[in-house]
Amino acid sequence: MTLATLPLQVHHLPVAATLREIARYFREYPLATGILLLEQAPQALVSRRRFDQWQHKGRDRPLREHPHLWQQTRQFLTLLGDLPLAEAHRLVLQRPEDEAREPLVVHHNHQWTLLDPWDLLLAQARYDPHQAQLTALVENLPIEFWVRDSQGRCLMQNQTSIEQWGNLIGTTPTEADIPPEVRAQWQQNNQRAQAGEVVQTEVQHNGRTYHKLVVPVLDKTGAWGSLGVNFDITSHRHLETALQAAEARYRSFFENAVEGIFQVRAQGYYLSVNPALVRLLGYDQPAELLTTSRAQGYVDPDRWSQLVAVLTSQGWVQQFESEVYRKDGGRIWVSENVRAVHDEQGTRYEGTMTDITGVKQAQALRLQHLEQQLILERAAVQMRELQKLNQLKDDFLSTVSHELRTPITNIKMAIYLLKDATTPEQRQRYLQVLEVECEREIQLIQDLLALQDLEPSFPTPISLAQWVPELLQPFAARTQQQQQTLQVTVEPVFLVSDRNSLAHILVELVNNACKYTPPGGAIQVQAQPAPYPAAVQIQVSNTGPEIPPEECERIFEKFYRIPSSDPWKQGGMGLGLALVQKRVLQLKGQITVASNPQQTTFAVTLPSLNDHT
């Protein structure tokens, strides 16, 4: 076999590499034994062992700017890849002692590689197992190794053991310069090995812990000697101590936590529980609870599958609230925080559980209080509505009785005067009074009936530009008498609607405008096309007192009249606008009101009824 058949490493950096770059490369490639600094041919070899020993100063400077370090890295052994192992091993043994563990540089197929001498020793021992190679192999072991004869005399000791205990070759336990406790254990191990026993012990020395393995062997005389190795297990013992301390802290937390802590299998059976969970669910001992199924502990039989579905989809869940059974059959509300754990043993769920029964009861009481408060508020609203209805009833009865009595009183008076009339002129005047008051009484009764049941509409084509001015002509004399101005502006609009209902709407709105417009005020009536689906918008505006916003919301109520806003003292029952709104809705339209200190405007938007068949 040749060097080229061994595991070679290719780790290169430019000659100008800095100490920082070299350190980064060693971190990125933890198995690299060294790095070649190349410039066509190797200029330096930085081994990991030497690099770790250096005091890294000037880390941002190239290695070749550190003369002392550069000189060390220039000393390396270069071998050809086709060199036999035995020849390569001979050359390695000839190297100075401080270079014995340094990597070798191998040149093969125009490539520069590195070889760990440990790999060379292993290969040589495997294919040429003679004493010299075995000795070299043992010398390079990273653990302590020794051989003693039947008298306990040290026959062989590798370099690692010498560095730890000094050179003991040729000495017996009584002759060696070692601590008394080590000497006593050495003698005891020899005696046990001579009895054919394999010995394993731990030794404390210089603040470190070693695991000693001693195996009995036959020496050249046929007597039992021993072969032993020491493993430095200090780091392992430190790790064990840290793990034990962490386990103790976890166990203390687990045992003394105020929240219930659990682990359950995917099927729902408990793996472990802490005392808090045992108390929470009313059990006496953890072993008792471990025999139960977590999946069957929910009051809702579907709750476990719902929890598993959430854990399967997202791996965790917080504040998962459920009602669960206690041992005695009682029920409590709990909140769980759970996560799914997947490992070589399968899937399990672990988490915490908190009793929130008190919180749920407080929430229920608060909800009950809110419901009671809502009932009281509704009752108060209903009481106010009843009071308002009673007031409306009283106002209605007062208004209706007054409005109904007034024409009747006038009729009775006219009849009485008619009896005493002596001239045709007097009789004619009293008959006219009777006729007017009868019409007034009839109109009042018709308005009351109309509020309850409007007659069905009969849509007909209407040309508003011609029909509206004719409809409002009778108001010209009235507005002139009351020193008001009336302006009617109607664009050419064609509408299909109920003529009678629309006439009642316009007459009532203009009549109201006349009633509430002071002398010198203006009344405007406008009709214009409206965007689809509407067909026309009619606006009736008048100057005069502003309707307060809170009154605008109520003026369409039955029997409601705005107090102190009738400058002409013409009175009324408060039915006109209610009847107008009802007729507008019957025509599938809308009516709105807007008022400010300068003007009040009622806007009626109507569709063509032929579009709403």
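Just a few scattered comments:
- Overall dimensions of segment 141-181 by Cα: Rg and Dmax, Å: 9.9, 27
- Förster radius 30 Å - calculated FRET efficiency between TYR560 and ILE445, Cβ distance, rounded to 0.05: 0.90
- If you wrap the tightest convex hull around every Cα atom of segment 228-376 and split its volume per residue, you get 175 Å³.
- Averaging the Cα positions of each part gives two centres, and for segment 231-281 and segment 323-339 these lie 23 Å apart.
- Helix 424-452 axis versus longest C-alpha principal axis of the chain: approximately 20°, rounded to the nearest ten.
- For the chain, the relative contact order is 6 percent, taking Cα pairs closer than 8 Å that sit 6 or more residues apart in sequence and dividing their mean separation by the residue count.
- On the beta carbon distance between HIS211 and TYR250, with R0 = 22 Å, the FRET formula returns roughly 0.20.
- Calculated FRET efficiency, VAL182 to HIS236, Cβ-Cβ distance, R0 = 22 Å: about 0.60 to the nearest 0.05.
- Under 5 Å, built H, 5+ apart or other chain: amide partners of VAL488: VAL525
- Given their separation in residues at 0.36 nm each and the Cα-Cα distance between them, ALA594 and HIS110 gain 164.3 nm when the chain is fully extended.
- Note on GLU550 and ASN390: the extension gain reaches 55.6 nm, defined as 0.36 nm multiplied by sequence separation minus the Cα-Cα distance.
- With coordinates expressed along the principal axes, the C-alpha atoms belonging to segment 288-373 extend over 57, 31, 20 Å, beginning with the largest.
- Amide H contacts of VAL15 (H built 1.01 Å from N, under 5 Å, at least 5 apart or other chain): LEU38
- Placing pseudo-labels 7 Å out from each Cα toward the beta carbon at GLN481 and THR201 gives an inter-label distance of 13.7 nm.
- Using the average count of surrounding beta-carbon atoms within 10 Å as a protection proxy, the listed peptides 367-378, 192-203, 337-348 rank, highest first, as 192-203, 337-348, 367-378.
- As a fraction of the 1.4 Å probe accessible area of segment 1-123, surface on carbon and sulfur atoms comes out at 52 percent.
- 10 Å-binned pair-distance histogram of segment 250-301 (Cα, whole percent): 26, 56, 17, 1
- Distant-in-sequence amide H partners of THR209 (H built 1.01 Å from N, under 5 Å): ILE233, THR234
- With the convex hull constructed from alpha-carbon coordinates only, segment 48-90 shows a mean projected area of 4.3 nm² over all directions.
- With all protein chains in place and a 1.4 Å probe, the accessible surface of segment 202-340 carries 53 percent carbon and sulfur.
- Per residue accessible area in Å² of the chain, where ligands, DNA and RNA are left out and the probe is 1.4 Å: 58 Å²
- Out-of-range pairs (alpha-carbon distance over 21 Å; input LYS412/LYS515; LYS558/LYS582; LYS388/LYS558): LYS412/LYS515
- List ASP60, ASP116, ordered by accessible area with a 1.4 Å probe, largest first: ASP60, ASP116
- Rg/Rh ratio calculated on Cα atoms of segment 33-122 (Kirkwood radius): 0.98
- Ranking of PHE494, PHE76, PHE26 by solvent-accessible surface, largest first: PHE494, PHE76, PHE26 (1.4 Å probe, protein heavy atoms only, all chains present).
- Percent of alpha-carbon pairs separated by more than 18 Å within segment 305-352: 38 percent
- Here the translational diffusion coefficient of the chain follows from Stokes-Einstein with Rh set to the Kirkwood radius across Cα pairs; for 10 °C and 1.306 mPa s it amounts to 41 µm²/s.
- Computed with the Debye formula from one identical point scatterer per Cα of segment 196-287, without solvent, the log10 of I(q)/I(0) at q = 0.15, 0.18, 0.23 Å⁻¹ comes to -0.75, -0.87, -1.11.
- Length released on extending from THR423 to LEU367, taking residue separation times 0.36 nm less the Cα-Cα span: 11.9 nm
- Each helix, a run of at least 4 DSSP H residues, gives -39500 (n - 2.57); summed and divided by the residues of the chain, these come to -13500 deg cm²/dmol at 222 nm.
- Ellipsoid semi-axes for segment 334-390, based on the Cα gyration tensor and the rule √(5λ), read 52, 12, 4 Å when sorted largest first.
- Across VAL299, VAL46, the residue with the most accessible area heads the list, and the full order at a 1.4 Å probe is VAL299, VAL46.
The values are calculated or read from the model by the stated rules, or taken from the named source; none is laboratory data. All values derive from a computational prediction rather than experimental measurement. Ideal geometry is used to build each Cβ from the backbone, glycine not excepted, and the neighbour counts take in all protein chains shown. Please note that ligands, DNA and RNA were not included when accessible areas were found on the heavy atoms of the full protein model with its side chains. Shrake-Rupley method; radii C 1.70, N 1.55, O 1.52, S 1.80 Å.
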